[in-house]
Each structure stands twice: as C-alpha cells, then as structure tokens.
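**Student:** Once you've had a glance at the structure underneath, I'll fire off some questions.
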Amino acid sequence: MYVVIFRATINQLDDQYDALAAKLRQRAIDEYGCLDFNSTFEDGQEIALSYWPDKAAIKAWAEDEEHQQAQRLGRLKWYKSVKVEIAKLV
C-alpha cells in the first residue's frame, strides 16, 4: 500500500474549490481505487493523505484529465505552494 502526502500553503479557498475537491475525492475512490482520503486545514496550511493499493493506481489518477485541470487551477488560484510526496507503507 502507498500513501500520497499532499501539502499546500493556502492562498484562498472558495465554494468552487469545495465542490471540486469533494467531486474529485469521490472519483478517486470510485474510479481509481483510492482506499481512503483524509485532509485537514490549520494555520493557512492543508495536508491531505490518500491511500492507494499500488503505484499503477496512483499513476492513473495523476494522469486523469479533470484531476490535472484541478491541479492547474489550484496552483493558479487556491494555493501559494504545493508539495506532493509518495511513500510505500510497510
């Protein structure tokens, strides 16, 4: 199993962000095999942990067109900085 660790410094989140994040979270689970997803916000920071069965599922999600579009929008509008790490859980 793998975990994708998403960390971001928030610029400004809005209703569009909330709706898109909820939609994409559900798609990751329903269509791409995401096992679990948790996120939290504190002091202008966001951290999200998503759990995946294998690297192939992570790669497929990373290549999803709507997910890529949301990432571009996030970097332009919602976040000041973004960092993503992937780790294998043993």
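**Student:** Using +1 at the C-beta of Lys and Arg and -1 at the C-beta of Asp and Glu, which of Leu49, Val3, Ser81 has the Cα lying farthest in the positive direction of the dipole of the chain?
**Tutor:** Checked the options; the winner is Ser81.
**Student:** Still on this structure, please answer the following. Using a Gaussian network model of the chain with C-alpha springs under 10 Å, which one of Lys77, Lys55, Lys23 is most mobile by mean-square fluctuation?
**Tutor:** Lys23
**Student:** Give the relative contact order (percent, whole number) for the chain; include only Cα pairs under 8 Å separated by 6+ residues.
**Tutor:** Details: 134 pairs, mean separation 45.5, N = 90.
This gives 51 percent for the chain.
**Student:** Any idea how many Lys pairs in the chain come in under 27 angstrom at the alpha carbon, given 8 or more places apart or on separate chains?
**Tutor:** 12
**Student:** Once you've got the GNM for the chain with C-alpha springs shorter than 10 Å, pick whichever of Gln45, Gln16, Gln71 has the biggest mean-square fluctuation.
**Tutor:** Result for the chain, Cα springs under 10 Å: Gln16 fluctuates most.
**Student:** Another question, if that's okay. Nearest 20 debye, what's the magnitude of the dipole of the stretch 1-83 about its Cα centre given +1 on Lys and Arg Cβ and -1 on Asp and Glu Cβ? Present the calculation step by step, with values, prior to reporting the outcome.
**Tutor:** Numbers: 11 positive and 14 negative charges, 72 e Å.
So the magnitude is around 340 debye.
No lab work stands behind these numbers, since they all come straight from the coordinates. Remember, it's a predicted structure, so these values are computed and weren't measured experimentally. Counting neighbours? That spans all protein chains shown, and the Cβs are built from the backbone with ideal geometry, glycine included.
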